[in-house]
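Worksheet: the structure to be examined is printed underneath.
The values are calculated or read from the model by the stated rules, or taken from the named source; none is laboratory data. Everything numeric in this text was worked out from a predicted model, so none of it was measured. All Cβ positions, glycine included, derive from the backbone under ideal geometry; neighbour counts span all protein chains shown. These area figures cover heavy atoms from the full protein model, side chains too; ligands, DNA and RNA do not enter into them. Shrake-Rupley method; radii C 1.70, N 1.55, O 1.52, S 1.80 Å.
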Amino acid sequence: MLLGVGVLAAFLAMPASAAAPGGRIAFVRELGEQSELFSIRADRSALKQLTREPGYDLAPAWSPDGRLIASFGAGGVVIRTADGSALRRIAIPVEGFNEELRWSPDGAWISYLVEHCSYEDPRGYVIPPCADLWVVRPDGGGTRQLLDRDVDMRDEASYSWSPEGRHLVYEALSSGATTLAVVDPRSGGAKRIPRTAGAADPVWSPRRQIAFVRGRALYTVQPSGRGLRRLARGASLSRPLWSPNGRRLAYLAFERAGVGPRWAVWAVRADGRRRLRIGTATSDRGLVWSPDSTRLLWENDFQRLIVARADRRDSARFLTSGSDPDWR
């Protein structure tokens, strides 16, 4: 039986000392015909199965304070405690492929994409894959569609919250090259960012810089379009992700095609200096930083989770089998 809104509100009001301890990785593991949520520590200890339900649970995302986990599951978006107990199921108002579940940094909102608009219209134009952007409060209230089929989905990291949780940056659908835009979740007003034509994989820094990839380079820019700066170059870059302290930026660089494609995992300082190769990935799925900004986690083929120190003092090592990791 799910707990009501009042219980959830009381849980959110608990002091931080009552929350689950930090430093845990939530992830998905396939068990037969279904997928379940698990958690583990980075030292391989305390492996725990969080769910035991028919169907599927996907894309776990920790709340900023580490007390709750949101995921896609039966009924839509499922809000759980850190031990896996379901608090609430929030219906998704439209049909489509659900993607990119995220919490706002202040914990006030949960956002997600619903992809449902890749088709060929009668005039012969092929519409690129695109999505709606929705937000909802953790207690299930305030469900809103912020963007109607305006998020370009040709790249899988399509949007990101600002550090204070008041805006989101996203890849805006366009008849030409993609461009970045910022939307205000309160008003729904959106504004394009100048000088970002062709940009992809936007991610907002805790220090208010937006990183993105374009062509063979990694850039940062201010939300106003000023201060455009190139940080790194490579054959094909993707999946940039700021460390929680905003000092470094991790990303993938494609290295080899053919049998067994391979990407290098890199980290660079926010000023573009001290670029380090951290390890090798066999999948281009997203990277995950540890809460203390010292380690990186990624998923290789065959659902193998890999963890490595971001200062490269130790070799990357296998953590456990699973997918869709999130670390808090």
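Annotations for the structure displayed:
- Any hit, the stretch 198-213, residues being farther than 18 Å from Gly286 by Cβ, among the basic types (Lys, Arg), part of a strand (DSSP E or B) and open to solvent by 60 Å² or more (accessible area, probe 1.4 Å): no
- The single condition among (1) surrounded by fewer than 15 Cβ atoms within 10 Å (Cβ to Cβ); (2) modelled with pLDDT under 95; (3) outside any strand (DSSP E or B) that Asp106 does not satisfy is (2).
- Check on Ala308, over 19 Å from Ala217 (Cα atoms), over 17 Å from the mean Cα position of the chain (by Cα), open to solvent by less than 10 Å² (accessible area, probe 1.4 Å) and at pLDDT 95 or above: yes
- The stretch 214-227, residues that are outside any strand (DSSP E or B), open to solvent by less than 50 Å² (accessible area, probe 1.4 Å) and on the phi < 0 side of the Ramachandran plot: Pro223
- Within the stretch 164-186, the set of residues being of a type outside the set (S, T, N, Q), surrounded by 18 or more Cβ atoms within 10 Å (Cβ to Cβ) and not in a strand (DSSP E or B) comprises His167, Leu173, Pro185.
- Residue check, Leu319 of a type in the set (A, V, I, L, M) and under 20 Å from Trp62 (Cα atoms): yes
- Within the option set Arg89, Arg44, Arg29, Arg52, being open to solvent by 40 Å² or more (accessible area, probe 1.4 Å), in contact (Cβ under 8 Å) with a residue 12 or more places away in the chain and under 26 Å from Ala131 (Cα atoms) holds for one residue only, Arg89.
- Taking the criterion of being open to solvent by less than 40 Å² (accessible area, probe 1.4 Å) and part of a loop (DSSP other than H, G, I, E, B), the residues of the stretch 143-162 that qualify are Met153, Ala157, Ser158, Ser162.
- Scanning the stretch 292-312 for residues that are closer than 23 Å to Leu231 by Cα and not aromatic (Phe, Trp, Tyr) turns up Asp292, Ser293, Thr294, Arg295, Leu296, Leu297, Ala308, Arg309, Ala310, Asp311, Arg312.
- Residue check: Ala232 meets all listed conditions (1) among the small types (Gly, Ala, Ser); (2) under 29 Å from Asp65 (Cα atoms); (3) open to solvent by less than 20 Å² (accessible area, probe 1.4 Å) but one, namely (2).
- Test: Ala316 is open to solvent by 20 Å² or more (accessible area, probe 1.4 Å), aliphatic (A, V, I, L, M) and in contact with a Gly (Cβ under 9 Å, 6 or more places away or on another chain): yes
- The set of residues from the stretch 249-269 being open to solvent by less than 60 Å² (accessible area, probe 1.4 Å) and either modelled with pLDDT of 95 or more or under 17 Å from Ala200 (Cβ atoms) (or both) comprises Leu249, Ala250, Tyr251, Leu252, Ala253, Trp263, Ala264, Val265, Trp266, Ala267, Val268.
- For the stretch 199-214, taking the residues that are in contact (Cβ under 8 Å) with a residue 24 or more places away in the chain and among the charged types (D, E, K, R), the one that is farthest from Asp271 (Cα to Cα) is identified as Asp201.
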